[in-house]
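Below is one structure, written out as structure tokens, with a few remarks after it.
None of the figures in this text is laboratory data; all of them are computed from the coordinates on show. Quantities reported herein were computed from a predicted structural model and do not represent experimental measurements. Neighbour counts are summed over all protein chains in view; Cβ atoms, including those assigned to glycine, are modelled from backbone coordinates with ideal geometry.
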Ligand SMILES: [Zn+2]
């Protein structure tokens, strides 16, 4: 695109106009001061009618769920009866393996985990694996439990939750990964189609950079051959298995950036598997899943790839362990990412600011984790999702979605960080300004940041509103009108089309 955008509200600038040409931002300032340049170059003039123009957005932690087209969507259901009904209808229609995702027992009216006895009458002999919204807990029917036993033997017993001495059908943590091996794999073509839709959706939201987590070999192949890397910047953090394979084979994938390796130090609050120092209100402390030796192995793997090590750590116990490992190993600050960093009391923030890793957070957890006051002790509750304290400690805070766990829409994320969702009463000191919340979406640890400045690549989004006039929840409704990636128009809303073409 070669144009002058006028009458806009430019994020972080006094001016109202900006010139884009040859893929870069050539000038930023007031229209009056840019007129000479604009006239001499014969540029097209686009009136933004007071809308905001911001750097393009990054999603620092997202997933491509390898679901294929046949997945039972269980998000938002409100009772075990509703779950049974969904399963019953699925079986009527499909009569094939049931892979469901997204249930959340905290919003069930029964307030308990579902069991295999709930769903068995509707599934019969068809195996069912229904993964909870967090991805760390799953419900299996009796058939699937049996298949799991056949395949893995007694190894799976430690992951099966028991009721009256018998497996209830709930599996946790690594048990979920084992259960996933039962699911029939989607074809490469199905995955490719899914990826294209996935990326187009991001583009329409003004997102130009993705960090995709826990990427397997199969997904890497599908990404490479889908062509999406020509539209948007794709960076991947590989699973340890895939990373080992890459290191030994020296494979390169065109156009996709190898950002590093992803590992896990704990689970989730919802599954009570995030590792807490003080423990949960109803007992238990979760579990640390990463030993110092495994941490070192993962780090060496990420080093060989020339990338970063990204570690999932939600509870303060897990974050502390990872920071201690990293400090003892002398890991450079730019080489470590802490994913989620959900519970960070002051001493953990101090330790974080000593090491200064990249901290990748998900503002929309503030909305989804509305029940957190029933899970965490009151003294811990104050320090969940403490974005402002983390920023004030000088840490690089990057916002992300963790899609499909949370919606991928970054404006919902900004709105959550500004309004604090359901945890407002406990954590209001951590409220971010709209500007700071957006700032956390302008960069990612792998690619760096999109900025508005003369001479830099034109990665820009024109919004349908002026963000200075919006508050809290209103931000959630923002929609882009125009998205530029390296100066190329990659999205135009239908009502803006006539101005651009
Ligand atoms: Zn994730």
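Figures for the structure shown
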item: The chain - convex hull of the alpha-carbon atoms, volume per residue in Å³; result: 155
item: Percentage relative contact order, the stretch 72-180, counting C-alpha pairs under 8 Å, at least six apart; result: 23
item: Sorted peptide list for 101-107, 316-322, 330-336, criterion being average Cβ within 10 angstrom, highest first; result: 316-322, 101-107, 330-336
item: Mean separation of Cα contacts under 8 Å, 6 or more apart, over the residue count of the stretch 188-449: relative contact order %; result: 14
item: Modelled FRET efficiency - R0 51 Å, residue 501 with residue 94, Cβ distances, 0.05 increments; result: 0.70
item: Pairs of alpha carbons in the stretch 72-180 whose separation is greater than 19 Å (percent); result: 37
item: Degrees between helix 240-249 axis and first principal axis of the chain (Cα, 0 to 90, nearest 10); result: 70
item: Global size of the stretch 250-295 as Cα Rg and Dmax, reported in angstrom; result: 16.4, 50
item: Burial order of peptide ranges 89-99, 455-465 (average beta-carbon count within 10 Å, highest first); result: 455-465, 89-99
item: DSSP bridge orientation in the chain - percent antiparallel, rounded to nearest 5; result: 45
item: Difference of contour (0.36 nm per residue) and Cα-Cα distance, residue 174 to residue 24; result: 49.3 nm
item: Residue-span extension gain [residue 333 to residue 125] - 0.36 nm each, minus C-alpha spacing; result: 69.7 nm
item: Cα long-axis angle, helix 292-304 against the chain (0 to 90 degrees, to the nearest 10); result: 40
item: Share, in percent, of DSSP beta bridges within the stretch 276-371 that are antiparallel, nearest 5; result: 0
item: Label-point gap, in nm, between residue 354 and residue 70 - each point 7 angstrom along Cα→Cβ; result: 5.3
item: For peptides 158-167, 235-244, sequence by mean Cβ density within 10 Å, most packed first; result: 235-244, 158-167
item: Difference of contour (0.36 nm per residue) and Cα-Cα distance, residue 181 to residue 479; result: 103.4 nm
item: Diffusion coefficient, µm² s⁻¹, Stokes-Einstein with Kirkwood Rh over alpha-carbon pairs of the stretch 354-501 at 20 °C and 1.002 mPa s; result: 129
item: Per-residue Cβ neighbour rank within 10 angstrom, fewest leading, 254, 388, 262; result: 254, 388, 262
item: Cα-based helix-to-principal-axis angle, 316-329 vs the chain, degrees rounded to 10; result: 70
item: Three-way shape label, the stretch 107-250, alpha-carbon gyration tensor, a/c 1.5; result: prolate
item: Cα-projected label distance for residue 158 with residue 244, points at 7 Å along beta-carbon direction, nm; result: 1.8
item: Least to most buried among 171, 133, 145 (fewest other Cβ within 10 Å first); result: 145, 133, 171
